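Take a look at the structure below.
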Amino acid sequence: MSIRKISFIFIIASVLAVGCDDFDELNTNPNEPITVSSDVLLASAIRQSVNTMVNESFLLGNNAAQLTAKTLRTEVDAYNWNAFPTVWEGMYTSLSDVNSVEQQAIESSNEQMEGVAVVMRSWIFSVLTNAYGDIPYFDAIAAEGGTFTPAYDLQEDIYADLLSELDRAADLLAGPGSISGDILLNNDASKWQKFANSLRMRLLMTASNSLPDAGTRFAAVFNEGNYIQSNQDNVTLTYLDAFPNQFPLLPLKTGDFDAVAFSQTALDVMNQYNDPRLARYARPDNDDFSSAATFSGAANGSNNANCSKVGSRLGVQYYNISAQTTASELGLPTAEGIVMTYAEVEFLLAEAAAKGWISEDIEEHYRAGIAASMVYHQVNPEPFGYSSVDDFYANSGVAYSEVTDIWEQKWVALFFHGLEPYFEVRRWYAESGMSWDGIPFLAPPCDNLNNDVLPMRFLYPGQEQSLNAANYQEAVTRLGGNDFNTTVWVVE
Amino acid sequence: MAFLALTAVAMQAQDRTLTGTVYDQDGLSVIGANVYVKGNPSKGVATDLDGKFELTLSENENTIIVSYVGYATKRVKVDGQSNVEITLSEDVELSEVVVTALGVERDEKALGYAVQTLGADDIAKVKPTNVTNALAGKAAGVFVTGSGNGPTASANINIRGAASLLGNNQPLFVVNGMPITNDLYSFDDGLNGSTTIDFGNAAQIVNPDDIASVNILKGPAASALYGARAADGVILIETKTGKNAEGWGVSINSTTTAETILKLPNYQNEFGFGGGGKYSYVDGTNYIGPKESYEAYGENWGPRMNGQLIKQFNSDGEPAPFTPAPDNIRNFFRTGVTSINNISINNSTDNSDFRLSYTNTGNRGIVPNTGLERNTFQTSIGQRLFDDKLDIRLNGMYVRSSSGNVPNAGYDESSSVMYGWLWYPRQVEINDLRDYWEPGQEGVQQRYVEDLWVNNPWFVANENTNSFQSNRLIGNVRMKYDFNKHFSARFRFGADVVDDQRQFRRAPSTKATPGENGSYREDEISFQETNAELLLSYKTDFQDNSAFDFEMSVGGNLMQQRANFLVANNPELKFAGDSESIYTLTNTASGVLVESQKTGQAINSLFGVATLSYRNFLYLDATVRQDWSSTLVDPAAGLEGSDYSFLYPSVSMSAILSDALQIPTSSPISFLKLKGAYAEVGNGAPPYSFNTTFTPQAAFGGQSVFATNRTLADPNLTNERTRALEFGFDVRFFGDRLRVDATYYDMLSFDQIINLPVAATSGADFITTNGGEISNRGLELLVTGRPVETSDFAWDVTLNFGRNRAVVESLPDVISENSGRYSIVPDLFPGDEGGADLEFVAEEGELLGQLYGLGFQRVPSGPFAGQIIHENGLPLLTQDKVSAGSYQPDFRAGIMNTFTWKNLSVGVLFDGSFGGKMYSRTHALMATGGAITNEDDPNLDLLTTEGRTVYSVDYDAAGDPVYTLEQAGGVVGPGVKNIGTPENPEYVPNDVEVEPGGAGYTGYFYNYYGNGFNRDNIEAATYDATWVKLREVSVTYNLPGSLTDRMGLGRASVSLVGRNLLLFTDVPSIDPETFSIRNGLFVPGFESTQLPSTRSFGVSLSVGF
């Protein structure tokens, strides 16, 4: 071997050795940082989870509760339920960001931010457990630590923890620190406290049949007095004008595959009172917002000839339809992403009073709930024959007479409140002895495929069957099958 | 060992002297031809300036072998002769020299692994616009699948199956020794969901007229010197030079071909637009409507088209005859034209040469307003200096391609005309829609049959364009210096630079765009790869007549890649109108979304290759390559903490038994070679696989938003590896008139890099990790023969056969313990929310690429075993997903016949794929929409025209439709129904009549293809994908020399050429030679609303002077 050759090899080898020096730099991701501040993650978690709830209220919540009706693909209405993986995935996905926010807040002793993270997580998990029953909770969102197959926890245990977490969050939110990136409540710790406490009241009401001390705990929260007390405290995401931060349904078009119309059931109830919210929830068939407005309602249920699928389109704040009246022409904002409203809280209080949990005047809260909903929807009572919201209450026949009135008016007010309308219908159905008969304004959907029985839960998504099989099987065995007719703890 | 013993024949007894002269075909003496004694290669001489030689033979030596590069090696029995005259003939049949890894030219017989060479004529005679397609059917075991998706359509090329679960398993393309990119650069996301606009595989731009040869390194043993990039084989392309020219030369090639549709679905022409047998037009916006107009129903389940009077979209509110327009869809398409014109000049002197070539490719697509323009400049300059010791060559290729519109093929409402045909009325003449703007609303509002769903196809073609301009520069320089007859050094530097800009317009009033106000998007793709390589070689002196020859090279390579992708999307235009200027990023109603992605990676390598040969009949090759890969460096752990270096060895052996055993020339066997090889290669990781990151999202007003990346990294991520064994033989008979070359291989790819899905409840969706094994086993067979040869006629046949079985041997534990299957593509057709998605799956123990979806519930046993179970007349689907089989064909085969008679030659290539499965979403959709007859569907013996309920229509005084039942319908699905209980079923033939189709996604066809709108049944529309194509035909007439001389030409030929002239298949509605593209991945076995494939035919002229 010649000297020349050896030296060449030496040169190559040294070039290569030098060449590798920057490999760690070269393989450092220039597109995505490995650390970010928590405000950007909080904004992500809020947008992702609230968008999920808007979409799911449109596809599931409103339809399962018969506030609206699907006109083309009627599986939800007809109780021909498949798994609804988008609820599961959409909500669980948001939790990674929430946990990162919490971790950073703890590291920087920012108790307010930590409190926000705890409230967000509790709300997200509350939706998930209400929908599915037992779910991965205590071991969830721990992939970074190597837990890829989290176990399913009992709904009872989850509820206990959610309630104590929300209690803890309310304390944290009174502590030191500040909130940033909060596109939901404008970095206002006091509003988050109110949300935390109101959410506790919601959960206690939801679990009222299964939680023996629900009443006393509810009263305790109520007596603290720090809950949502006006529409200014509403937990809603105000969307922007620009894509992709518009109200998620705006780009949809009529005739879309998930075509949704106003329901006959809701139309009947609201027509009975000439409810001015009608012109907000539904778009007049004749695009006329005067007293000449005409509305129609589609039947919830199967897509066959017996069930009319002709109903008014959803209101101007939810959809744009070319060449028809827009929300801005009526001076209305586009719809918000609703997490929780003052109206709901008033109805919670009315029902708590009716249950004897709190010593309050039932009608006062009932009436405040209706008024709050009317104000929130910026109704125009005049075309409906009323001079004001008070006039409506006094003269429409809506005035309080029995507990089911609370259910009825709460049901109307829960329009586009995520999955909450379905969760409440389920509770009332359970309180009525697993029967429609106790709910005067509702009946089984037209030609449904579940023998007129209201489904009690969502099916676990198929992804869990394949990716978390052992834990999934254990949970299903405990339930007695991944069946949507199996009751969950809150309605047992 | 036996060979050695046999060749150790004693040399003894009487020597004698043999003299001779070697001539070529033209009678000119051949200088420097190698003449040696058979069985004793060391005893040889070279012919002198007069072609003469002299050899001393011993008594038992009575055969000599004469060889010369470019000529067939000849054996001559000399017996008692003392003077012989030998004429060599040009070796046109089997090229002896092939280009192997690192550009090293080798005698084919010396190779222990499979390399197949295609010459210039094989590639350029019948030219496709995508050069990859020119390989189809011509190389054993090389599976090329094209598609009809426009002039830029990609071709999927797989050699020896699929080594990897991640990525496209495409071979590495190497041009003039330097790798070039063959990526798809396809971004599905962000453009209305399910778009597939095929801008093509990047290597397609190599110009066929400039190609001198294509050498296909099929297996790891051949490609091992490319290390971490070699797992899927290598395509080595050498471009033409001026080297062998004599003085000045000019060559002109011109080809013009016309393209017409090869296959369209069988449309029905009995029933028109509408639903439930009803139709009437009101204002185009009622899906069903209170008057049951079904005017925007978008399907052909309407009334009978018998001339009855019905209000229609273009009848001004008056009833007009409702009659079929049978060729409406066919008439939309036009005859495509492709014109390829090439001129090249070359020159060579004693120590220099150059070639300069210019090619213009112009295409007018079959879809109106689509086409392609491509200009290619190619140059090669060679210079030899210092007594030929220094050899310098410069190769450059510049390609500028552009198109005003690349057609979209796919299930995309906004810009695919193919989507539109699914719901296109059978009664509407296509020319009635040619004026696609509403009068007075040009640029603002399109005009169509209905106003909810589908866009006017002319509007789509003319306004919703997908344009691009791309510049590609591929250049390299090579310097080789021979220090002496033993040592040489070679340095090469190559660069591949891509700059591609794409613009997507969606005009105002395009349905399925935000606000229907139009949108505009720009993509910018830039890519750059450079390679610097140094190689030092040593070889023994071949002239010294020793039994052993030895060659060795060592070298190194530095590879760097950089890529930038920028996507800027203006989802809603602010101002609409007829002006071009509305399509800008700044004319925005709601802001512009920008995504950008930068990647960089590098591989540094050291390699060595050694070849030992014994008496020119036994060859042993060994190679080794060490790669250092940047993508395997964990930045957090640093270089020391990372495992980023890999060694890839290979060894191969070739034994020419016919020489070793001295098979007598009287034997029918003229050549016999055995070969065998073992190799290891790799497949790198994607960049930035380490560490959890946060993904930037669109800001919420002034608030920045980042989301936790849902893909976690395994800190121990390592390279994919493939181990391969191959062996085979090459046997030739009757003086090489018949040749059979067979190779069997067995490869195992392990440590698969996989984006392992994990439960979303864990807080991640994927972990990038290693795990799983894929084996590829297969057989490649090449048979060539010349069955007939007379003085002026020859018939040559080449048969290429390839069979590959890619089997998923194992998957990571977490999958094995759960479902045992991994979705390579978890949702083939996103956008159809709900229901079950169709999946492309790797399943343990099964062939790779299973087509998964729901299936039919079938009777498990008894007299009705296997029949479909019906309930209420509708077929029942399974709860769980099932596989309809794998896309993998049993084998691919191509057979080329060439007939040469005097100056006329005829080439006919058939190419076929046998077995495997293909899901046709086009067929499923067309059948559910009632547009086709369904008579060609082998799976379902029901016509969509049978059993329809149909109404006739009249109008009342108010002008509202009044329907009268014309015929009550119903079809009975083939299969059984259960008259027992679910627990104790009792099956009888199904006799329940249901509507075949109709309102609200009900009816037999909707349910048959899967749950109404979802079409999630994989079984219904999956077919045996076998197809055979008459791939290429050429008839070439070479003008005789007497004529060309008179014309002042060196040579001239005229050819009639054709591609894809005939298609034979049982797959209904579509040409099954196709694939889907999802997120930049080829997905074989799935077809969705693809453009019809085309046949092309035309004329080609070639002259040289």
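May I ask you to sort B:919, B:411 by Cβ crowding, counting other Cβ atoms within 10 Å and putting the fewest first?
On the way: B:919 30, B:411 24.
Fewest-to-most ranking of B:919, B:411: B:411, B:919.
The percentage of C-alpha pairs in the range B:859-966 whose separation is greater than 20 Å is 71%.
Could you tell me the relative contact order of the range A:143-288? Use alpha-carbon pairs under 8 Å, at least six residues apart, and round to a whole percent. Value for the range A:143-288: 16 percent. Annotation: the range A:17-67 has a Kirkwood hydrodynamic radius of 14.9 angstrom, from the mean reciprocal C-alpha pair distance. Both radii were evaluated on the Cα set of the range B:731-875; the Rg over Rh quotient, with Rh as the Kirkwood radius, amounts to 1.21. Computed packing ranks the peptides B:681-693, B:1092-1104, B:1034-1046 as B:681-693, B:1092-1104, B:1034-1046, most packed first, by mean other Cβ atoms within 10 Å. Using a simple spin-label model with pseudo-atoms 7 Å out from Cα toward Cβ, residue B:958 and residue A:86 lie 3.7 nm apart. Think of it as helices only: each DSSP H run of n ≥ 4 in chain B is worth -39500 (n - 2.57), and spread over all residues that comes to -1000 deg cm²/dmol at 222 nm.
Hey, any idea what the orientation-averaged projected area of the convex hull of chain A's Cα atoms comes to, in nm²? Before the final figure, lay out each step's value.
Values: hull surface 120.2 nm².
Average of the hull's projected areas for chain A equals 30.1 nm².
By the compact-protein rule of thumb, 2.2 N^0.38 Å, the alpha-carbon radius of gyration of the range A:397-492 corresponds to a ratio of 1.30. Panel values: the range B:405-498, Kirkwood radius from alpha carbon pairs, Stokes-Einstein at 25 °C and 0.890 mPa s, translational diffusion coefficient 140 µm²/s. Expressed as a fraction of 2.2 N^0.38 Å, the value expected for a compact globular protein of N residues, the C-alpha radius of gyration of the range B:806-884 is 1.29.
The mean number of Cβ atoms from other chains found within 10 Å of a Cβ in peptide B:532-538 is 3, as a whole number. Over all distinct alpha-carbon pairs, what is the Kirkwood Rh of the range B:526-684 in angstrom? That comes to 21.5 Å for the range B:526-684.
Using 0.36 nm per residue and subtracting the Cα-Cα separation, the extra length available between residue B:244 and residue B:939 on full extension is 244.4 nm.
For the protein assembly as shown, the Kirkwood hydrodynamic radius comes to 36.7 Å, computed from all pairs of different C-alpha atoms. Percent of C-alpha pairs per 5 Å bin in the range B:290-427, short distances first: 2, 7, 11, 12, 10, 9, 8, 7, 6, 5, 5, 4, 4, 3, 3, 2, 2, 1, 0. Highest-first packing order for the peptide set A:342-352, B:512-522 is A:342-352, B:512-522, based on the mean count of other beta carbon atoms within 10 Å. Scaled to the globular estimate 2.2 N^0.38 Å, the Cα spread of the range A:25-176, given as radius of gyration, is 1.19.
Of the residues B:656, B:497, B:172, the one whose Cα sits farthest towards the positive end of the charge dipole of the protein assembly as shown is B:656 (charges of +1 on Lys and Arg Cβ, -1 on Asp and Glu Cβ, taken about the Cα centre).
Take B:362-373, B:959-970, B:273-284, B:100-111 and order them by the average number of nearby Cβ atoms within 10 Å per residue, most first; the result is B:273-284, B:362-373, B:100-111, B:959-970. Within the range B:640-785, the proportion of C-alpha pairs whose separation exceeds 28 Å stands at 50%. For the protein assembly as shown, the list of Cys residues with no other Cys C-beta under 4.7 Å reads A:20. Rounded to the nearest whole Hz, the Karplus-based 3J(HN,Hα) values (6.51 cos²θ - 1.76 cosθ + 1.60, θ = phi - 60°) of the range B:929-944 follow the sequence x, x, 8, 10, 6, 6, 6, 9, 8, x, 8, 9, 8, 9, 8, 6, with x at glycine and proline. Once both labels are positioned 7 Å from their Cα atoms along Cα-to-Cβ, the gap between residue B:432 and residue B:643 label points is 6.9 nm.
Per the Debye calculation on the range A:139-232 with a single equal scatterer at every Cα and no solvent contribution, log₁₀ I(q)/I(0) for q = 0.24 Å⁻¹ amounts to -1.16. If one puts a single equal scatterer on every Cα of the range A:213-273 and applies the Debye formula without solvent, what log₁₀ I(q)/I(0) results at q = 0.21 Å⁻¹? These q points yield log10 I(q)/I(0) values of -0.93. Using the Kirkwood radius over C-alpha pairs as Rh, can you work out the diffusion coefficient of the range B:245-318 via Stokes-Einstein at 37 °C, viscosity 0.692 mPa s, in µm² per second? Rounded to a whole number, D works out at 206 µm²/s.
What does the average come to when, for each residue of peptide A:139-152, you count the partner chain Cβ atoms lying within 10 Å of its Cβ? Present the calculation step by step, with values, prior to reporting the outcome.
Numbers: counts 2, 5, 6, 4, 13, 6, 2, 2, 5, 11, 7, 4, 1, 1.
Taking all residues of A:139-152 together, the mean is 5.
Distances over 43 Å make up what percent of all Cα-Cα pairs in chain B? Across chain B, Cα pairs with separations above 43 Å total 44 percent. Stokes-Einstein diffusion for the range B:972-1089, with the hydrodynamic radius set to the Kirkwood value over Cα pairs and evaluated at 20 °C in a medium of 1.002 mPa s, equals 107 µm²/s. Taken over the alpha carbons of the range B:221-277 as equal point scatterers, the Debye sum produces base-10 log I(q)/I(0) values at 0.16, 0.18, 0.25, 0.30 Å⁻¹ of -0.87, -0.91, -1.06, -1.27. Per residue, the Cα convex hull of the range B:1025-1068 amounts to 63 Å³.
If R0 is taken as 25 Å, the Cβ-Cβ distance between residue B:596 and residue B:575 corresponds to a FRET efficiency of 0.40. Placing pseudo-labels 7 Å out from each Cα toward the beta carbon at residue B:585 and residue B:347 gives an inter-label distance of 4.7 nm.
Tally Lys and Arg at +1 and Asp and Glu at -1 over the other residues with C-beta under 13 Å from the C-beta of residue A:376: what net charge comes out? Mind dumping the intermediate values first?
On the way: positive: A:277, A:280; negative: A:233, A:336, A:344, A:346.
Value of the local net charge: -2.
Among the residues of B:706-713, the average count of other protein chain beta-carbon atoms within 10 Å of the residue beta-carbon is 6.
All of the numbers you see were taken from the coordinates with simple rules; none came from a lab. In this text the structure is predicted, and so the values were computed from the model without any measurement. FYI the Cβ positions are ideal-geometry reconstructions off the backbone, even for glycines, and counts take in every protein chain you see.
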